[in-house]
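Chemist: Before I ask anything, let me first share the structure, which is written out below as structure tokens.
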Amino acid sequence: QAIGADTAVTFDGVKIVGMSLSGEVGGNVSITFEVVGQGYTEDVARVSSWSYPTAIPFSFITCGLSEATVGAVSMNSFSVSIDLGYEKERFKLGSAELVNPVFTAIPTCTFSCNIDADEQWVEKARDHTALDLTLTLTHPTTVPSAASTKYTFILELPGCRLSPETAIENSSERLSMDLEFEAGYGGATTNGTDKMFEIRVIDGNTTHT
């Protein structure tokens, strides 16, 4: 990190403790990582130049949501928030640096989206129906090693429950509705059972889970 004409500061022992992902019609898909660092070094020489690869694997062109029993769900916007439940300020006597973060609570994951109003979602909220959501972001570029595979980001959210406050406003106009899912129940994903969520990224080399 370098601000203005100052020298840089480098941070070490950095770990991801949470992330969020969001997007809307006509806007960019944004991903944010929350991190904590153990220590830092001041007065580091600034980097004078750097290069970027020609491929941009995260320039997504399509974004889709599906539910195992409903099928494709057309969205106007969406937001995902994941908190891994780490203790973020784990300081101990005798040191000015953080100790390795540990879990203090069960991780939490929430998903919300805005869609055209549809009564079936109100019924699912009232019945506390378990829902299996899959969010897929796809890039138009084909992975070089696989002629039919695109660069892809997949988020599976099994066992979701809709907020019991899910409702559709009374109006004679065409309406949209907000869906808020709590994903803490867990379920079966592509690569396991009893998982709160699963993230898979397909890039030029392999599939990461």
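The values are calculated or read from the model by the stated rules, or taken from the named source; none is laboratory data. Model, not experiment: these values are computed from the prediction. Positions of Cβ are generated from backbone atoms using ideal geometry, with glycine treated the same way; all protein chains shown enter the neighbour counts. Calculation scope for accessible area: heavy atoms of the full protein, side chains included, ligands and nucleic acids excluded. Shrake-Rupley method; radii C 1.70, N 1.55, O 1.52, S 1.80 Å.
Chemist: How big is the Rg/Rh ratio for segment 148-200, C-alpha atoms only, Rh by Kirkwood, two decimals?
Modeler: 1.17
Chemist: In whole Hz, what ³J(HN,Hα) sequence does segment 87-99 give by Karplus (6.51, -1.76, 1.60; θ = phi - 60°), x for Gly and Pro?
Modeler: Each residue of segment 87-99 in turn: 6, 8, 10, 8, 8, 10, 4, x, 8, 8, 10, 5, 7 Hz.
Chemist: Could you give me the ³J(HN,Hα) list for segment 15-23, computed from phi with Karplus coefficients 6.51, -1.76, 1.60 and θ = phi - 60°, whole Hz, x at Gly and Pro?
Modeler: Values per residue, Gly and Pro as x: 10, 7, 10, x, 7, 9, 9, 8, x Hz.
Chemist: Can you list the lysines whose alpha carbon is less than 27 Å from that of Lys150, not counting same-chain residues fewer than 8 positions off?
Modeler: Partners found: Lys195.
Chemist: Given the Cα atoms of segment 1-99, and with Rh set as the inverse mean 1/r over their pairs in the Kirkwood sense, what is Rg to Rh to two decimals?
Modeler: 1.10
Chemist: For Lys15, give me every one of the lysines with a C-alpha distance below 16 angstrom, ignoring sequence neighbours fewer than eight places off in its own chain.
Modeler: Lys88
Chemist: How much area per residue is accessible in the chain when the probe is 1.4 Å and only protein heavy atoms are counted (Å²)?
Modeler: 63
Chemist: Pick out, in residue order, every one of the trypsin sites (Lys or Arg not before Pro) in segment 139-183 that is DSSP loop and has at most 15 other C-beta atoms within 10 Å; say none if there are none. Before the final figure, lay out each step's value.
Modeler: On the way: sites: Lys150, Arg161, Arg174; in loops: Arg174.
Those satisfying the criteria are Arg174.
Chemist: In whole Hz, what ³J(HN,Hα) sequence does segment 157-162 give by Karplus (6.51, -1.76, 1.60; θ = phi - 60°), x for Gly and Pro?
Modeler: 10, x, x, 6, 10, 7
Chemist: Restricting things to alpha carbons, tell me how big segment 75-148 is in terms of Rg and Dmax, in Å.
Modeler: That works out to 20.4, 59 Å for Rg and Dmax.
Chemist: Under a 5 Å amide H to amide H cut-off, with H placed in plane at 1.01 Å, what residues pair with Gly186 once short-range neighbours are removed?
Modeler: Those lying under 5 Å, H to H, from Gly186: there are none.
Chemist: OK, next. Tell me which residues come under 5 Å, amide H to amide H, from Arg90 once H is placed; ignore anything under 5 positions away on its chain.
Modeler: Amide H neighbours of Arg90, under 5 Å, 5+ apart: Val99.
Chemist: Residues with amide H under 5 Å of Val17's amide H, sequence separation 5 or more or different chain, H placed in the peptide plane at 1.01 Å from N; which?
Modeler: Under 5 Å from the amide H of Val17: Glu34, Val35, Val36.
Chemist: Tell me, what % of the accessible area of segment 71-209 is carbon and sulfur with a 1.4 angstrom probe?
Modeler: Working: 3740 of 7920 Å².
Its accessible area is 47 percent carbon and sulfur atoms.
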